[in-house]
1. Would you kindly calculate the mean projected area, averaged across all directions, of the convex hull enclosing the Cα atoms of the chain, in square nanometres?
2. To two decimal places, what compactness ratio does segment 19-153 give when its Cα radius of gyration is scaled by 2.2 N^0.38 Å?
3. What is the helix-to-structure angle for 329-346, meaning the angle in degrees between its Cα long axis and the longest Cα principal axis of the chain, kept from 0 to 90 and rounded to the nearest 10?
4. Before anything else, pin down the relative contact order of the chain: Cα pairs under 8 Å, at least 6 apart, normalised by residue count, whole percent.
5. Between 0 and 90 degrees, rounded to the nearest ten: what's the tilt of helix 169-183 against the longest Cα principal axis of the chain?
6. At 0.36 nm per residue, minus the direct Cα-Cα distance, what do residue 450 and residue 472 gain on full extension? Give it in nm, one decimal, please.
7. Quick one: if you stick a label point 7 Å off each Cα along the C-beta vector at residue 234 and residue 67, how many nm between them?
8. What is the list of residues in segment 326-368 whose amide nitrogen lies under 13 Å from a point 7 angstrom out from the Cα of residue 412, following Cα to Cβ?
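Bear in mind these aren't lab numbers, they're just calculated from the coordinates by the rules spelled out. As the structure is a prediction and not an experimental result, all values here were calculated from the model. Positions of Cβ are generated from backbone atoms using ideal geometry, with glycine treated the same way; all protein chains shown enter the neighbour counts.
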């Protein structure tokens, strides 16, 4: 019997030693407080994890000892309520070491009772989960970045649809301005297009608060000089473009290429976001993400510009007369129908001039078809000079021309028709070693709605006035109204 008691005593001593060894070598930090929440004991793991030695903190209040500037107040309140309520609690909370190092822990709080069931102490076991939290934050960051990229791809897809739907450069520029502000809101930017001289680029559209330059020289941009996209603000060795003010703002210069030719420049600057609160690595990551998105935007804009140019070329081929570059019959009929509708709705003035080159067959018969082509080209050039937009000069075929004059009443139409007739008669055209005979034209003028409310009616009345001008000796302007009165003679 005595031996049994001794064996039990030995076992108890052995178990106590194991418990002491466990508390000494366990990696978790164990903290025991009394009912007043003052510290009575910590293990070696607590000293290693938080840097507080037992002899320095024993008897001190545990509350606030491990708190820091980013400790979650809600988590801290849960701990205090658990202590007051003698509850078991497990919570993730950010603590701080004696040196101020942040440490995320998985805290388990447990009330301690003696053998008689009296509540004597509180024990908290803290397991370092900083690595796990970093992995979780990294995973959340990756997921957020991927979600952002998916959002950007979705927006880019929508933008692409709008870009490819643009029928003109004006529509395309509106889409670019709106979409770039939406896709990369941190940037302010400009889209420049080469001028006809190819030595400067003209500002076509811009977004953001910065007042951009209206024109830039091609030689002032590293991207255009080197023939590839250029980023400033991310490399150890770099030089700012001359067209950019200041050297503190990161920016991208992205060439716009259509049909294999550089036609413009997309410039994106990032002066809006505060780099002072971001580490260099964060700035580089941010700019790298925007660089990739900017390249995609430049590519989409390039494709859209090429699409608009091709569409415009095809449209011009279908509605332009190839010899004179005037609008053709197809365009005229459609435009005249629209202008008549607008004049009807808005009570606007609208007139029409039918023009025919006098004795045109003689040019072909006496001088050849080349001479006839020269005459037609010069007539077309003079019409473009006299009938400027919104007035629309057209060639219907052969030596027959027409001018659609929205906004001009009958008197103004007669006046501009006479201006053209006189200017044409004063032209001198060289051909071979000599000159071609003087060119003259006859014209008939009509106006809406006196000559009818349909294109065919207006054209018929203008042609009838034209025939009267021919019958009266040519080289004159005749009105289809007021009894076919005429204005001007040879």
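1. For the chain, the mean projected area of the Cα convex hull comes to 41.3 nm².
2. It is 1.24.
3. The angle comes out at about 80 degrees.
4. Relative contact order for the chain comes out at 8 percent.
5. Relative to the chain, helix 169-183 is tipped by roughly 10 degrees.
6. Stretched out fully, the residue 450 to residue 472 stretch lengthens by 5.6 nm.
7. 4.4
8. Only 348-352 pass the distance filter.
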